[in-house]
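Q: Before I ask anything, here is the structure I am working with.
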Amino acid sequence: MLKVDHLNFTDPHTREFVRLIPAAVAVVDKDMRYLAVSNQWLRDYRLEEDDIIGLSHYEVFPEIPDHWKRLHQRGLAGENLKKSEDSFVRADGRTEWLRWEVVPWRHLNNTVGGLIMYTEVITDGKEAALRLIEEKNRAEQYLSVSGTMILTLNSAGRVMNINESGRRILDCESSEVLGRDWFYTFVPIDLQAAAWASFHSDMEHPFDGIRQFESPVVTRQGGTRMISWRAVIPRNSEGVPTSMLYSGDDITEKRDAERNFRELSFRNETILNSAGDGLYGIDRNGLTTFINPAGAEMVGYKPEYLIGQPIHNLIHHTDQNGSPYPASASPILRAARGGDSQKKSNEVFWRSDESSFPVEYTATPILGENGPSGAVVVFRDVTEQRDLQAKLIQSSKLATLGEMATGVAHELNQPMNIIGMAAASITRKLDKGGIDEEYTRKKLDKIIAQTRRAAEIIDHMRIFGRPAINDPVALHVPDIAKSALDLVSEQLRLASIDVTFEPLDSCGAVLA
């Protein structure tokens, strides 16, 4: 084999030999002037159009940094040098990445005659690697911001890699995680055996695609976090599983919120179902959002039928006097849209069988960030309450009649005395035989008038003692006042009280 030491690099045949070497090779003398270069060197450094033989390496590359020049001097001193990755900035600002080796060549007398420089431009590969690293770092940053844990376990279940988000979730430093047995360090003790068995089975019989599941992890402080995992199994070129790669999101707060919501919903549903009063909700459009069993039973509908229906048109469509009751006039819808609570005690709701019942209700608006979004209505069937109230009124009236008995007796006594005296006077006239028709007619007219007065007093007492009518009717107020005064006029007279009654002509009827 021909040794480099025996080559004469000024010989045209040797130069041709170097030119055809399929690598970037340049031979320089001790003054760093080119003696021979390969075609690949010229191509790599875009020098195909230039004749660089005899030129200084530093003339061709004036941008060569000083530390490389010092390396060249070490080579010229007899030292072999190489580096697998290095960079330098070209005059046009481009950064070139190289893999290089510098070997001194010697004369026959063993003195160094110059350098053989081998370089491989790895800029494209290096830039690709840098882009890959940059993308990896960017992905790591994205995942860290999103809170996603990235975890790699080897086939023995030990931690190979974990990202910053994962360390943050576990509240651990890298040294506390890397190399540790995952299952017996970060899995709750009661789940360790099952988790390890599942992992071992997956490594023995690997699954394809992505597997999703949820499981808890134990933090350094002994707390527990619930993680939603996605797992894949990387394989080598022969298809053999090499590890398990996981990405996991901390869903502890989400699961806690869901559990609290379920508990709150159950508690609210229990309250609604156990309430004796009717409760229902509507949105701003008057559509039913919920109704409790008691409320649905009162109006005779199944709860599921009412949901999403305009409940006003079903149970509140007609006033108690039979006139239509439009939704636009409903205090309930006014509460749902206007934000003011409404309370009513003299309206009726209608059942599915078209019968009605008296109700009292309160409509409370549901207030959100953008104002009222609906209302909650609490209503009660007051039929029994009104019946009891009517009985109490009746009892009070009967008691009042008892208290008025003395005055009524005086009231009746006066017409009876007048009737008696008039009849006695007629009798005396008949006994004397001197009665005339005019005298007799006056006395009889007086008897008739007082009989009518007594009948009116008795009729007033009968009306007063009659059970009250719950439904309001049209009443003329002066007539009611006159009747009341007539009933107590004798008591007022005996008490020397004079009453002047002057009703206004403008007095009309009222519902009462």
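Q: Rounded to two decimals, what is Rg over Rh for the range 257-380 when you use alpha-carbon atoms and the Kirkwood radius? Spell out each step's value before the answer.
A: Numbers: Rg = 14.5 Å, Rh = 14.8 Å.
For the range 257-380, the value is 0.98.
Q: Something else about it: Would you please name the GluC sites (Glu not before Pro) within the range 44-113 that are DSSP coil residues with at most 16 other C-beta atoms within 10 Å of their C-beta?
A: On the way: sites: Glu48, Glu49, Glu59, Glu63, Glu79, Glu85, Glu96, Glu101; in loops: Glu48, Glu49, Glu63, Glu79.
Here the GluC sites (Glu not before Pro) that fit, given the DSSP loop and packing criteria, are Glu48, Glu49, Glu63, Glu79.
Q: I've got another one for you. Counting other Cβ atoms within 10 Å, keep those with at most 14, restrict to DSSP loop, and tell me which chymotrypsin sites (Phe, Trp or Tyr not before Pro) in the range 169-265 are left.
A: Sites meeting the loop and neighbour criteria: Phe207.
Q: Work out the FRET efficiency for Asp190 and Glu297 from their Cβ-Cβ distance, taking R0 = 51 Å, and round it to the nearest 0.05.
A: 0.60
Q: At R0 = 41 Å, how high is the FRET efficiency between Asn417 and Leu511 if r is their beta carbon distance? Nearest 0.05 is fine. Numbers along the way, then the final one.
A: Working: r = 41 Å, r/R0 = 1.00.
Given R0 = 41 Å and the Cβ-Cβ separation, E is 0.50.
Q: Once the principal axes of the Cα atoms of the range 223-325 are found, what is the range along each, listed largest first in whole angstroms?
A: In descending order, the Cα extents are 88, 31, 22 Å.
Q: In nm, to one decimal, how far is the modelled label at Val499 from the one at Ser352, with both set 7 Å along Cα→Cβ?
A: It is 5.4 nm.
Q: With N denoting the number of residues in the chain, provide Rg(C-alpha) divided by 2.2 N^0.38 Å, to two decimal places.
A: Numbers: Rg = 55.6 Å, N = 512, 2.2 N^0.38 = 23.5 Å.
Ratio of Cα Rg to 2.2 N^0.38 Å: 2.36.
Q: Please go through the range 40-84 and write out the trypsin sites (Lys or Arg not before Pro) that DSSP classes as loop and that have at most 13 other C-beta atoms within 10 Å.
A: Working: sites: Arg43, Arg46, Lys69, Arg70, Arg74, Lys82, Lys83; in loops: Arg46.
Taking the range 40-84 and a limit of 13 other Cβ atoms within 10 Å, the loop trypsin sites (Lys or Arg not before Pro) found are Arg46.
Q: R0 = 30 Å: FRET efficiency of Glu369 with Ser198, Cβ-based, nearest 0.05? Intermediate values should be presented prior to the final figure.
A: Numbers: r = 46 Å, r/R0 = 1.52.
It comes out at approximately 0.05.
Q: Just the number please: accessible area per residue for the chain, 1.4 Å probe, all protein chains included, in Å².
A: Result: 61 Å² per residue.
Q: Now for a different question. Distance in nm between label sites at Thr95 and Ile64, each 7 Å beyond Cα in the beta-carbon direction?
A: If labels sit at Thr95 and Ile64, their model points lie 2.2 nm apart.
Q: Hey, another quick one. Sum -39500 (n - 2.57) across every DSSP H segment of at least 4 residues in the chain, then divide by the residue count to get the 222 nm mean residue ellipticity, nearest 500.
A: -14000 deg cm²/dmol
Q: Show me the three semi-axes of the equivalent ellipsoid for the range 148-294, from the C-alpha gyration tensor (sqrt of 5 times each eigenvalue), largest first, rounded to whole Å.
A: Numbers: eigenvalues 390, 63, 40 Å².
Ellipsoid semi-axes (Å, largest first): 44, 18, 14.
Q: Another question, then. In square nanometres, what is the average projected area of the Cα convex hull of the range 17-148? Walk me through the numbers on the way to the answer.
A: On the way: hull surface 41.0 nm².
About 10.3 nm², averaged over all directions.
Q: Separation between the Arg19 and Glu173 pseudo-spin-labels, each 7 Å from Cα along Cα→Cβ, expressed in nm?
A: 6.3
Q: Under the definition of Cα pairs under 8 Å and six or more residues apart, what whole-number percent is the relative contact order of the chain?
A: Across the chain, relative contact order equals 6 percent.
Q: Hey, any idea what % of the chain's accessible area is carbon plus sulfur with a 1.4 Å probe? Each step should come with its number before you reach the end.
A: Values: 16730 of 31110 Å².
That share works out to 54 percent.
Q: Which of Phe88, Tyr58, Trp68 sits farthest toward the positive end of the charge dipole of the range 39-120, with +1 on the Cβ of Lys and Arg and -1 on the Cβ of Asp and Glu?
A: Most positive-ward Cα: Trp68.
Q: Full-extension gain between Lys482 and Arg106, please, as 0.36 nm times their residue separation minus the C-alpha to C-alpha distance.
A: Working: separation 376, 0.36 × 376 = 135.36 nm, distance 14.64 nm.
Roughly 120.7 nm would be gained on extension.
The values are calculated or read from the model by the stated rules, or taken from the named source; none is laboratory data. Everything quoted here is computed from the prediction, not taken from an experiment. Counting neighbours? That spans all protein chains shown, and the Cβs are built from the backbone with ideal geometry, glycine included. Note: areas computed on protein heavy atoms with side chains; ligands, DNA, RNA excluded. Shrake-Rupley method; radii C 1.70, N 1.55, O 1.52, S 1.80 Å.
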